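Asks: There's a structure below that I have some questions on.
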Amino acid sequence: MSDLNDPRVFFAAERTLMAWNRTGLALMAFGFVIERFGLFLHLLAPEHGGWLHRGFSYWIGIAFILLGCLASVVSVVQYRKVLRTLKPVEIPRDYAVNSGVFVNLAVAALGIVLIIFLFGGPGP
């Protein structure tokens, strides 16, 4: 439990949550780029496989997107653990403490939607 009685502790936890949000988004974007790179390579050399063939870059890209989703969800769990250790004086009155949680969970959900889209679309 925190004994600082300072709202800066809460804001530091929220900044950490948003930093993990950026990390999750970056992992998802990197995964999408890797996944689409396989399609680009297929367009350069189409004789090496059909449209239904899923290449190595496809699965690595999907793994990065899943890792980004996982980072977003785990960061919410960690943030909620930190919030439980804070005293009411450390959280500003009438402050929406769950806005960052909703953003991270929305990012994770959209990452899952992206994976579903990529599974349904044409592969290299």
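Asks: Of all residues in the stretch 70-103, which are aliphatic (A, V, I, L, M) and more than 25 Å from the chain's Cα centre (by Cα)?
Replies: Once the filter is applied, which keeps residues that are aliphatic (A, V, I, L, M) and more than 25 Å from the chain's Cα centre (by Cα), the stretch 70-103 yields Leu86, Val89, Ile91.
Asks: If a residue has to be crowded, with 18+ Cβ neighbours inside 10 Å and either out of contact with any Gly (no Cβ under 7 Å at 6 or more places or on another chain) or outside any helix (DSSP H, G or I) (or both) to count, how many in the stretch 109-119 make the cut?
Replies: Residues that pass the stated criteria total 3.
Asks: Among Val9, Val97, Val76, Val89, which is the only one that is surrounded by 14 or more Cβ atoms within 10 Å (Cβ to Cβ), part of a helix (DSSP H, G or I) and at pLDDT below 95?
Replies: Just one listed residue meets the conditions, Val9.
Asks: Residue by residue through the stretch 54-73, note down the ones that are of a type in the set (Phe, Trp, Tyr) and surrounded by fewer than 17 Cβ atoms within 10 Å (Cβ to Cβ).
Replies: Phe56, Trp59
Asks: Return the pair list, or none, for Cβ contacts closer than 6 Å from residues in the stretch 7-32 that are farther than 16 Å from Thr85 by Cα to residues that are aromatic (Phe, Trp, Tyr) and part of a helix (DSSP H, G or I), at least 6 apart or on different chains.
Replies: Leu27/Phe64; Phe30/Phe64; Gly31/Phe64
The values are calculated or read from the model by the stated rules, or taken from the named source; none is laboratory data. Computed from a predicted structure; not experimentally measured. Glycine also receives a Cβ, built like all others from the backbone with ideal geometry; neighbour counts cover every protein chain displayed.
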